[in-house]
Amino acid sequence: MWPFRPRSTVLYLGAGSGTTVSHVSDVCAEGTISAVEISPRSFRDLLTLAEKRPNLVPILGDAEKPESYRGRVGSPDILYQDVAQRDQEGIFLRNLDLLPSGGTGFLIVKARSADVSASPVQVFESTRRALAKAGFEPVDFRTLEPFQADHGALVIVKP
């Protein structure tokens, strides 16, 4: 069920300075990675990275507002979201509109960013329920321990 292919098109939300984006760029070497980042400081690093990676398209933008970059990203095969904000599932759901049927979405759930007072397990379950209510049943979920505390990765395939 690994959707990343050499020619995949990926919408990457929360690109930061590009550490993980560079790995996606390597795997999807003949595809296009549209990398959205809101922080001007991190975006400068992303621009430098894009100079060395022709398949990387940096976008200074807000993942909460997919309408602001919709025309630049087309219809990606994969949505990969790694943002540290409270409404992570809401942002993910709004951006899933960009995926075609059969597209794959990866939501990196940062439990402490979503709700610092709830246990990570509660946040993960709440996120699952919100996606299911919207019609998206997770096909996989993994915690990212021991690599990243209080983080999980949830995968859906758009019906």
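Throughout, read-outs are computed from the coordinates displayed, never taken from laboratory work. Just so it is clear, the model here is predicted, and its values are computed rather than measured. Reconstructed Cβ throughout: ideal geometry from the backbone, glycine too, with neighbour counts over all protein chains shown.
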Can you put Thr127, Thr143 in order of Cβ neighbours within 10 angstrom, beginning with the fewest?
Thr143, Thr127
What does the charge dipole of the chain about its Cα centre add up to, to the nearest 20 debye, if the Cβ of each Lys and Arg holds +1 and the Cβ of each Asp and Glu holds -1?
180
Compute the distance in nm between two label points, each set 7 Å from the Cα along the Cα-to-Cβ direction, one at Glu145 and one at Lys52.
3.5
Likely footprinting exposure, Glu37, Glu51, fewest C-beta neighbours within 10 Å first
Glu51, Glu37
Residue separation between Thr19 and Ser126 times 0.36 nm, minus their alpha-carbon distance, gives in nm 35.7 nm
Given R₀ = 30 Å, FRET efficiency for Arg7-Ala134 by Cβ-Cβ distance, to 0.05?
0.55
So how do Ser75, Ser17, Ser101 line up by other beta-carbon neighbours within 10 Å, fewest first?
Ser101, Ser75, Ser17
Largest-first principal axis extents of the Cα set of the range 3-159 (Å)
41, 33, 29
Quick one: which residues, 5 or more positions from Ile59 or on another chain, have an amide H under 5 Å from its amide H? H modelled 1.01 Å from N in the peptide plane, none for Pro or chain starts.
Ala35, Val36, Glu37
For a quick check of your reading of the filter: which trypsin sites (Lys or Arg not before Pro) in the range 85-131 sit in a DSSP loop and have no more than 16 other Cβ atoms within 10 Å?
Arg86
I'd like to know which of Ala15, Ala114, Ala149 lies farthest towards the positive end of the charge dipole of the chain, counting +1 on Cβ of Lys and Arg and -1 on Cβ of Asp and Glu.
Ala15
Within the chain, helix-based [θ] at 222 nm, where runs of 4 or more DSSP H residues each add -39,500 (n - 2.57), nearest 500:
-9500 deg cm²/dmol
